[in-house]
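Below you'll find the structure, written out as structure tokens, and then a few comments.
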Amino acid sequence: MKTNLTGAKFQSIPLIISILITLSIAYTASIFTRPQIQGWYTTLHKPSFNPPNWLFAPVWIVIYVLIAIAAYLVWKLRDGSAMYKTAVIIYIVQLLLNFSWSIVFFGMHEIFDGLVIIISLLVAIILNINWFGLFSKAAAWLLVPYLLWVSFATLLNLSIYILNK
């Protein structure tokens with residue numbers, strides 16, 4: 001990998017754009033999620049380790065900002081290589097899976113299909129961490145909280161599926 005030495009300089013506009021993109025995805029997904037939290041979601045049997053509903057939004061906001069910063073760090077080191085293009089594709093795939101989970105789980109009330117998507121998302125996050133790590137170790141580490149939270153969310157999704165079969 002060739003590093004772009006001019007990419008080492010901090011650039012606020014691309015960072016802001018990266019944050020706006022991820023927060024826009026989060027906001028759009030929340031349109032499907034928020035109405036269901038006090039409605040459909042309250043009717044589900046949930047495991048004892050289910051966190052309080054108020055916790056999800058702040059955790060996700062922090063995670064989306066970390067995702068955006070990681071993407072920015074990799075973007076700064078872009079080199080047009082096939083390796084960079086693969087990293088970008090994996091990044092986009094994990095964002096699409098993240099977005100689609102909210103629509104399927106909350107919007108469509110499809111718990112099992114949500115489980116399939118979130119497991120796919122876990123795989124995509126692991127790939128994303130590995131590919132971002134080829135460009136920036138800091139970017140890879142910034143995605144670790146995302147991996148941990150989605151791992152927890154996967155266990156929660158699985159538990160909700162089992163308890164509501």
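Scanning the range 67-74 turns up no residue that is among the aliphatic types (A, V, I, L, M), at pLDDT below 95, closer than 30 Å to residue 134 by Cβ and part of a helix (DSSP H, G or I). Just one of the listed residues (151, 159) is in a helix (DSSP H, G or I), in contact (Cβ under 8 Å) with a residue 60 or more places away in the chain and either touching a strand residue (DSSP E or B) at 6+ places or on another chain (Cβ under 7 Å) or of a type in the set (S, T, N, Q) (or both), and it is 159. The selection criterion, being in a helix (DSSP H, G or I) and without any contact (Cβ under 8 Å) to a residue 12 or more places away in the chain, holds for residue 55. Among the residues making up the range 107-160, none is modelled with pLDDT under 95 and within 17 Å of residue 22 (Cα to Cα).
Total residues in the range 127-146 satisfying the condition of being surrounded by fewer than 16 Cβ atoms within 10 Å (Cβ to Cβ) and either closer than 15 Å to residue 90 by Cβ or touching a Lys or Arg at 6+ places or on another chain (Cβ under 9 Å) (or both): the figure is 1.
Looking across the range 37-55, just one residue is surrounded by 14 or more Cβ atoms within 10 Å (Cβ to Cβ) and modelled with pLDDT under 90, and that is 37.
The values are calculated or read from the model by the stated rules, or taken from the named source; none is laboratory data. This structure is a prediction, so every number in the text was calculated from the model and none was measured. We place every Cβ from the backbone using ideal geometry, glycine too, and count neighbours over all the protein chains shown.
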